[in-house]
1. At TRP206 and GLU40, where each label point lies 7 Å from the Cα along Cα→Cβ, what is the point-to-point distance in nanometres?
2. So, with +1 on the Cβ of K and R and -1 on the Cβ of D and E, and no other charges, what is the size of the charge dipole of the range 4-83 about its Cα centre, to the nearest 20 debye?
3. If you stretched the chain out fully between HIS22 and HIS146, how much longer would it get, using 0.36 nm times the residue separation minus the C-alpha to C-alpha distance?
4. Less than 14 Å Cβ to Cβ from ALA18, Lys/Arg counted +1 and Asp/Glu -1: what total charge do the surrounding residues give?
5. When the Cα centres of the range 8-52 and the range 162-184 are compared, how far apart do they sit, in Å?
6. Using r as the Cβ-Cβ distance of GLU289 and ASP311, and R0 as 45 Å, what FRET efficiency do you calculate, to the nearest 0.05?
7. How many nm separate the modelled label positions at TYR249 and TYR114, each set 7 Å beyond the Cα in the direction of the Cβ?
8. Can you give the three extents of the C-alpha atoms in the range 166-250 along their principal axes, from longest to shortest, in whole Å?
Amino acid sequence: MTSQNDIIKALEADLVQASNEHAIAQVKSKYLGNNSFISEQLRLLPGLAPEEKAQKGKELNILKNQIEHAITEAREQLLSSQQFPIKDISLPGQRFKQPYGHMHPASRVLQETYKIFSDLGFAVVDSGEIETDWYNFEALNMPETHPAREMQDTFYIKNNGKLDVLPRTHTSGMQVRFMEANKPPFKIIVPGRVFRNEDEDVTHIWAFHQIEGLVVGEGVSMAQLKGTLLHVVQGILGPEADIRFRPSYFPYTEPSVELDCRYKGQWLELGGAGMINPVVLQNGGIDPEKYTGFAFGWGAERIAAIKYGLDDLRELWRPRFEFLEQFV
Ligand code: FA5
(Lines give C-alpha, C1' and ligand atoms only; values in the text may rest on other atoms or scores of the structure.)
Protein backbone atom coordinates (compact mmCIF):
# COMPACT_ATOMS: atom_id res chain seq x y z
CA MET A 1 0.00 0.00 0.00
CA THR A 2 1.11 3.53 -0.71
CA SER A 3 2.70 5.16 2.34
CA GLN A 4 2.25 8.86 3.26
CA ASN A 5 5.97 9.38 2.75
CA ASP A 6 5.85 7.98 -0.78
CA ILE A 7 3.00 10.33 -1.62
CA ILE A 8 4.82 13.38 -0.30
CA LYS A 9 8.00 12.45 -2.17
CA ALA A 10 6.11 11.97 -5.44
CA LEU A 11 4.29 15.28 -4.86
CA GLU A 12 7.55 17.16 -4.30
CA ALA A 13 9.04 15.67 -7.47
CA ASP A 14 5.95 16.74 -9.46
CA LEU A 15 6.07 20.28 -8.01
CA VAL A 16 9.73 20.68 -9.01
CA GLN A 17 8.72 19.94 -12.61
CA ALA A 18 5.73 22.32 -12.53
CA SER A 19 7.06 25.55 -14.06
CA ASN A 20 3.80 27.52 -14.40
CA GLU A 21 0.44 27.98 -12.73
CA HIS A 22 -1.32 25.60 -15.08
CA ALA A 23 1.15 22.82 -14.24
CA ILE A 24 0.68 23.44 -10.49
CA ALA A 25 -3.09 23.23 -10.91
CA GLN A 26 -2.63 19.84 -12.61
CA VAL A 27 -0.53 18.62 -9.69
CA LYS A 28 -3.23 19.81 -7.29
CA SER A 29 -5.88 17.89 -9.18
CA LYS A 30 -3.68 14.77 -9.22
CA TYR A 31 -3.19 14.81 -5.42
CA LEU A 32 -6.43 16.38 -4.13
CA GLY A 33 -8.93 15.95 -6.97
CA ASN A 34 -11.80 13.41 -7.17
CA ASN A 35 -9.63 10.61 -8.50
CA SER A 36 -6.75 11.21 -6.09
CA PHE A 37 -5.55 8.73 -3.47
CA ILE A 38 -6.81 11.01 -0.68
CA SER A 39 -10.33 11.32 -2.12
CA GLU A 40 -10.46 7.57 -2.70
CA GLN A 41 -9.46 6.87 0.93
CA LEU A 42 -11.90 9.45 2.31
CA ARG A 43 -14.72 7.73 0.42
CA LEU A 44 -13.85 4.44 2.18
CA LEU A 45 -14.04 5.96 5.71
CA PRO A 46 -17.79 5.46 6.36
CA GLY A 47 -17.39 1.67 5.94
CA LEU A 48 -14.71 1.37 8.63
CA ALA A 49 -15.08 0.47 12.30
CA PRO A 50 -15.42 3.55 14.56
CA GLU A 51 -11.90 3.39 16.04
CA GLU A 52 -10.19 2.68 12.76
CA LYS A 53 -12.31 5.37 11.16
CA ALA A 54 -11.12 8.01 13.67
CA GLN A 55 -7.48 7.00 13.28
CA LYS A 56 -7.57 6.81 9.50
CA GLY A 57 -9.50 10.09 9.27
CA LYS A 58 -6.85 11.84 11.37
CA GLU A 59 -3.98 10.49 9.20
CA LEU A 60 -5.72 11.46 5.99
CA ASN A 61 -6.34 14.98 7.29
CA ILE A 62 -2.67 15.40 8.17
CA LEU A 63 -1.67 14.16 4.71
CA LYS A 64 -4.19 16.45 3.04
CA ASN A 65 -2.84 19.46 4.97
CA GLN A 66 0.73 18.57 4.00
CA ILE A 67 -0.23 18.35 0.33
CA GLU A 68 -2.11 21.67 0.44
CA HIS A 69 0.80 23.35 2.19
CA ALA A 70 3.36 22.07 -0.35
CA ILE A 71 1.20 23.23 -3.27
CA THR A 72 0.64 26.71 -1.75
CA GLU A 73 4.37 27.13 -1.19
CA ALA A 74 5.19 26.08 -4.74
CA ARG A 75 2.68 28.59 -6.12
CA GLU A 76 4.07 31.43 -3.99
CA GLN A 77 7.58 30.65 -5.11
CA LEU A 78 6.51 30.68 -8.72
CA LEU A 79 4.76 34.06 -8.34
CA SER A 80 7.71 35.71 -6.62
CA SER A 81 10.12 34.46 -9.31
CA GLN A 82 7.80 35.99 -11.94
CA GLN A 83 7.89 39.37 -10.21
CA PHE A 84 11.69 39.34 -10.07
CA PRO A 85 12.63 37.15 -13.01
CA ILE A 86 16.07 35.71 -12.92
CA LYS A 87 17.93 37.05 -15.98
CA ASP A 88 19.29 34.47 -18.33
CA ILE A 89 22.41 36.23 -19.63
CA SER A 90 22.83 33.70 -22.41
CA LEU A 91 19.64 34.95 -24.15
CA PRO A 92 20.00 37.36 -27.12
CA GLY A 93 19.80 41.09 -26.21
CA GLN A 94 16.56 43.07 -26.40
CA ARG A 95 16.16 46.49 -27.99
CA PHE A 96 15.57 49.18 -25.35
CA LYS A 97 12.31 51.06 -25.69
CA GLN A 98 11.79 54.70 -24.67
CA PRO A 99 13.18 56.61 -22.83
CA TYR A 100 16.73 55.48 -23.68
CA GLY A 101 17.48 58.09 -26.38
CA HIS A 102 17.47 58.08 -30.18
CA MET A 103 19.14 59.83 -33.05
CA HIS A 104 18.51 63.56 -33.47
CA PRO A 105 16.26 64.22 -36.52
CA ALA A 106 18.89 66.47 -38.18
CA SER A 107 21.57 63.78 -37.68
CA ARG A 108 19.21 61.17 -39.08
CA VAL A 109 18.68 63.18 -42.26
CA LEU A 110 22.45 63.76 -42.51
CA GLN A 111 23.12 60.00 -42.24
CA GLU A 112 20.51 59.25 -44.91
CA THR A 113 22.05 61.91 -47.15
CA TYR A 114 25.57 60.47 -46.75
CA LYS A 115 24.26 57.02 -47.64
CA ILE A 116 22.51 58.18 -50.83
CA PHE A 117 25.54 60.17 -52.03
CA SER A 118 27.90 57.31 -51.15
CA ASP A 119 25.76 54.94 -53.23
CA LEU A 120 26.28 57.35 -56.16
CA GLY A 121 30.05 57.09 -55.66
CA PHE A 122 30.58 60.38 -53.80
CA ALA A 123 33.25 60.47 -51.10
CA VAL A 124 32.28 62.16 -47.81
CA VAL A 125 35.06 64.61 -46.93
CA ASP A 126 35.78 66.06 -43.50
CA SER A 127 36.55 69.74 -43.01
CA GLY A 128 37.35 72.38 -40.38
CA GLU A 129 34.96 75.00 -39.02
CA ILE A 130 37.52 77.81 -38.97
CA GLU A 131 38.51 79.05 -42.40
CA THR A 132 40.77 81.71 -43.85
CA ASP A 133 39.40 84.68 -45.73
CA TRP A 134 41.14 83.35 -48.84
CA TYR A 135 39.30 80.02 -49.06
CA ASN A 136 35.97 81.30 -47.72
CA PHE A 137 35.84 84.34 -50.05
CA GLU A 138 38.78 85.35 -52.25
CA ALA A 139 39.48 82.00 -53.89
CA LEU A 140 35.76 81.84 -54.68
CA ASN A 141 35.98 84.97 -56.77
CA MET A 142 34.99 87.34 -53.95
CA PRO A 143 37.77 89.88 -53.37
CA GLU A 144 37.61 92.08 -50.27
CA THR A 145 35.48 94.79 -51.85
CA HIS A 146 33.13 92.40 -53.64
CA PRO A 147 29.49 93.21 -52.77
CA ALA A 148 28.64 89.50 -52.73
CA ARG A 149 30.44 89.20 -49.39
CA GLU A 150 27.43 90.92 -47.90
CA MET A 151 25.24 87.98 -48.94
CA GLN A 152 26.55 86.24 -45.83
CA ASP A 153 26.92 88.11 -42.53
CA THR A 154 30.30 87.10 -41.23
CA PHE A 155 31.73 86.71 -37.73
CA TYR A 156 35.43 87.57 -37.93
CA ILE A 157 38.21 86.47 -35.61
CA LYS A 158 40.93 89.04 -34.94
CA ASN A 159 44.23 87.40 -35.87
CA ASN A 160 47.32 89.56 -35.13
CA GLY A 161 45.24 92.68 -35.72
CA LYS A 162 43.95 91.35 -39.07
CA LEU A 163 40.51 89.96 -39.88
CA ASP A 164 41.63 87.15 -42.15
CA VAL A 165 40.33 84.15 -40.16
CA LEU A 166 36.66 83.39 -39.60
CA PRO A 167 34.16 80.76 -38.53
CA ARG A 168 33.23 79.70 -42.07
CA THR A 169 30.02 81.16 -43.44
CA HIS A 170 29.50 78.24 -45.82
CA THR A 171 31.08 74.89 -46.70
CA SER A 172 32.10 76.23 -50.13
CA GLY A 173 35.54 77.10 -48.72
CA MET A 174 36.39 73.43 -49.18
CA GLN A 175 36.04 73.71 -52.96
CA VAL A 176 39.46 75.24 -53.66
CA ARG A 177 41.09 73.44 -50.71
CA PHE A 178 40.04 70.09 -52.19
CA MET A 179 40.95 71.02 -55.78
CA GLU A 180 44.46 71.98 -54.68
CA ALA A 181 45.05 68.60 -53.09
CA ASN A 182 43.31 66.30 -55.59
CA LYS A 183 43.37 65.65 -59.31
CA PRO A 184 40.10 65.36 -61.24
CA PRO A 185 37.91 63.47 -61.81
CA PHE A 186 36.35 63.51 -58.34
CA LYS A 187 32.95 63.78 -56.72
CA ILE A 188 32.65 64.66 -53.08
CA ILE A 189 30.26 65.99 -50.49
CA VAL A 190 31.46 68.06 -47.54
CA PRO A 191 28.99 68.21 -44.67
CA GLY A 192 29.62 70.58 -41.78
CA ARG A 193 28.57 73.38 -39.46
CA VAL A 194 28.66 76.97 -40.65
CA PHE A 195 28.09 80.27 -38.83
CA ARG A 196 26.38 83.53 -39.76
CA ASN A 197 25.99 86.72 -37.81
CA GLU A 198 22.28 87.05 -38.47
CA ASP A 199 19.05 87.41 -36.54
CA GLU A 200 17.28 84.16 -35.98
CA ASP A 201 13.76 83.48 -37.20
CA VAL A 202 11.71 80.43 -38.17
CA THR A 203 13.89 79.65 -41.22
CA HIS A 204 17.24 81.11 -40.05
CA ILE A 205 19.56 80.08 -37.24
CA TRP A 206 23.04 81.45 -36.60
CA ALA A 207 24.83 78.09 -36.58
CA PHE A 208 23.54 75.51 -39.02
CA HIS A 209 24.75 72.66 -41.23
CA GLN A 210 25.38 72.67 -44.94
CA ILE A 211 26.17 69.89 -47.36
CA GLU A 212 28.51 71.02 -50.08
CA GLY A 213 28.76 69.01 -53.27
CA LEU A 214 31.62 69.22 -55.73
CA VAL A 215 32.01 67.27 -58.96
CA VAL A 216 34.84 67.92 -61.42
CA GLY A 217 35.68 65.96 -64.54
CA GLU A 218 35.66 66.08 -68.32
CA GLY A 219 32.25 66.97 -69.74
CA VAL A 220 30.46 67.41 -66.41
CA SER A 221 27.15 69.11 -67.20
CA MET A 222 24.27 71.09 -65.72
CA ALA A 223 21.94 68.19 -66.65
CA GLN A 224 24.02 65.89 -64.41
CA LEU A 225 23.75 68.46 -61.61
CA LYS A 226 19.96 68.46 -61.85
CA GLY A 227 19.72 64.66 -62.15
CA THR A 228 21.95 64.16 -59.12
CA LEU A 229 20.02 66.62 -56.96
CA LEU A 230 16.65 65.14 -57.97
CA HIS A 231 17.87 61.61 -57.18
CA VAL A 232 19.11 62.62 -53.72
CA VAL A 233 16.11 64.76 -52.79
CA GLN A 234 13.75 61.93 -53.81
CA GLY A 235 15.93 59.47 -51.87
CA ILE A 236 15.43 61.53 -48.73
CA LEU A 237 11.82 62.67 -49.18
CA GLY A 238 10.31 59.98 -51.41
CA PRO A 239 9.45 59.73 -55.13
CA GLU A 240 6.65 62.32 -54.88
CA ALA A 241 9.20 65.09 -54.14
CA ASP A 242 10.33 67.33 -57.01
CA ILE A 243 12.97 70.02 -57.53
CA ARG A 244 13.26 73.16 -59.63
CA PHE A 245 16.05 75.60 -60.52
CA ARG A 246 15.58 79.37 -60.39
CA PRO A 247 18.22 81.68 -61.93
CA SER A 248 20.44 83.14 -59.22
CA TYR A 249 23.88 84.58 -58.61
CA PHE A 250 26.94 83.24 -56.80
CA PRO A 251 30.38 84.62 -57.79
CA TYR A 252 31.82 81.08 -57.81
CA THR A 253 29.32 79.45 -60.18
CA GLU A 254 28.28 80.41 -63.69
CA PRO A 255 25.45 79.91 -64.40
CA SER A 256 24.09 79.91 -60.84
CA VAL A 257 20.75 78.63 -59.64
CA GLU A 258 18.66 78.51 -56.51
CA LEU A 259 17.47 74.99 -55.72
CA ASP A 260 13.86 74.66 -54.55
CA CYS A 261 12.16 71.49 -53.51
CA ARG A 262 8.45 70.60 -53.67
CA TYR A 263 7.13 68.38 -50.94
CA LYS A 264 3.48 67.85 -49.99
CA GLY A 265 2.40 70.56 -52.45
CA GLN A 266 4.73 73.29 -51.16
CA TRP A 267 7.88 74.75 -52.76
CA LEU A 268 10.70 75.52 -50.32
CA GLU A 269 14.23 76.89 -50.85
CA LEU A 270 16.88 74.30 -50.14
CA GLY A 271 20.20 75.66 -51.42
CA GLY A 272 22.34 77.17 -54.13
CA ALA A 273 24.11 75.47 -57.03
CA GLY A 274 25.68 75.98 -60.42
CA MET A 275 28.51 75.18 -62.83
CA ILE A 276 31.88 76.00 -61.25
CA ASN A 277 33.25 79.34 -62.45
CA PRO A 278 36.48 78.75 -64.49
CA VAL A 279 38.22 81.31 -62.22
CA VAL A 280 37.61 79.01 -59.24
CA LEU A 281 38.92 75.94 -61.11
CA GLN A 282 42.05 77.96 -61.93
CA ASN A 283 42.46 79.01 -58.27
CA GLY A 284 42.38 75.30 -57.40
CA GLY A 285 45.05 74.48 -59.99
CA ILE A 286 42.64 72.78 -62.42
CA ASP A 287 42.67 73.50 -66.16
CA PRO A 288 39.25 75.02 -67.05
CA GLU A 289 39.88 74.30 -70.75
CA LYS A 290 39.93 70.58 -70.01
CA TYR A 291 37.61 70.20 -67.04
CA THR A 292 34.19 71.41 -66.01
CA GLY A 293 32.35 70.87 -62.76
CA PHE A 294 29.29 71.58 -60.73
CA ALA A 295 28.87 72.56 -57.10
CA PHE A 296 25.94 72.89 -54.75
CA GLY A 297 25.38 73.72 -51.10
CA TRP A 298 22.19 73.08 -49.18
CA GLY A 299 20.94 73.49 -45.66
CA ALA A 300 20.72 70.26 -43.66
CA GLU A 301 18.23 71.76 -41.18
CA ARG A 302 16.04 72.95 -44.04
CA ILE A 303 15.67 69.45 -45.48
CA ALA A 304 15.07 68.01 -41.99
CA ALA A 305 12.35 70.65 -41.51
CA ILE A 306 10.78 69.75 -44.87
CA LYS A 307 10.89 66.03 -44.12
CA TYR A 308 9.47 66.27 -40.60
CA GLY A 309 7.07 69.17 -41.24
CA LEU A 310 8.73 71.57 -38.76
CA ASP A 311 7.63 75.16 -38.93
CA ASP A 312 10.49 76.55 -36.80
CA LEU A 313 14.12 75.57 -37.46
CA ARG A 314 15.16 76.94 -34.07
CA GLU A 315 13.43 74.02 -32.35
CA LEU A 316 15.98 71.59 -33.79
CA TRP A 317 18.88 72.69 -31.60
CA ARG A 318 16.99 73.65 -28.47
CA PRO A 319 17.38 71.21 -25.62
CA ARG A 320 13.66 70.55 -25.40
CA PHE A 321 13.00 66.85 -24.94
CA GLU A 322 9.23 67.06 -25.47
CA PHE A 323 9.99 68.28 -29.00
CA LEU A 324 12.73 65.75 -29.75
CA GLU A 325 10.81 62.79 -28.33
CA GLN A 326 8.36 62.88 -31.24
CA PHE A 327 11.14 61.69 -33.59
CA VAL A 328 11.79 58.30 -31.96
C1 FA5 B 1 25.49 79.38 -49.92
O2 FA5 B 1 25.87 79.27 -48.74
C3 FA5 B 1 26.31 78.88 -51.07
N4 FA5 B 1 27.63 78.62 -50.63
C5 FA5 B 1 25.66 77.67 -51.71
C6 FA5 B 1 26.35 77.27 -52.98
C7 FA5 B 1 27.29 76.26 -52.93
C8 FA5 B 1 26.02 77.89 -54.18
C9 FA5 B 1 27.94 75.88 -54.12
C10 FA5 B 1 26.65 77.52 -55.35
C11 FA5 B 1 27.59 76.50 -55.33
P12 FA5 B 1 23.14 80.34 -49.26
O13 FA5 B 1 23.65 81.44 -48.45
O14 FA5 B 1 21.93 80.57 -50.08
O15 FA5 B 1 24.26 79.80 -50.25
O16 FA5 B 1 22.89 79.09 -48.31
C17 FA5 B 1 22.59 77.82 -48.84
C18 FA5 B 1 21.49 77.15 -48.02
O19 FA5 B 1 21.86 77.11 -46.64
C20 FA5 B 1 20.17 77.93 -48.02
O21 FA5 B 1 19.43 77.68 -49.17
C22 FA5 B 1 19.50 77.36 -46.80
O23 FA5 B 1 18.97 76.08 -47.07
C24 FA5 B 1 20.68 77.21 -45.87
N25 FA5 B 1 20.75 78.39 -44.99
C26 FA5 B 1 21.25 79.60 -45.29
N27 FA5 B 1 21.19 80.42 -44.23
C28 FA5 B 1 20.63 79.71 -43.22
C29 FA5 B 1 20.32 79.98 -41.86
N30 FA5 B 1 20.60 81.15 -41.30
N31 FA5 B 1 19.76 79.00 -41.11
C32 FA5 B 1 19.50 77.79 -41.65
N33 FA5 B 1 19.79 77.45 -42.93
C34 FA5 B 1 20.35 78.40 -43.71
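The values are calculated or read from the model by the stated rules, or taken from the named source; none is laboratory data. Computed from a predicted structure; not experimentally measured. A quick note on method: Cβ atoms are made from the backbone with ideal geometry, for glycine too, and the neighbour counts reach across all protein chains shown. Each accessible area value is taken on the protein alone, full model and side chains, heavy atoms only, with ligands, DNA and RNA left out. Shrake-Rupley method; radii C 1.70, N 1.55, O 1.52, S 1.80 Å.
1. 9.1
2. On the way: 9 positive and 11 negative charges, 41 e Å.
The calculation lands at about 200 debye.
3. Details: separation 124, 0.36 × 124 = 44.64 nm, distance 8.45 nm.
Contour length minus the Cα-Cα distance gives 36.2 nm.
4. Working: positive: LYS28, LYS30, ARG75; negative: GLU12, ASP14, GLU21, GLU73, GLU76.
Combined, the nearby Lys, Arg, Asp and Glu give -2.
5. Comparing the Cα centres of the range 8-52 and the range 162-184, I get a distance of 88 Å.
6. On the way: r = 48 Å, r/R0 = 1.07.
Using R0 = 45 Å, I get an efficiency of 0.40.
7. Simple spin-label model gives 3.7 nm for this pair.
8. 41, 39, 24
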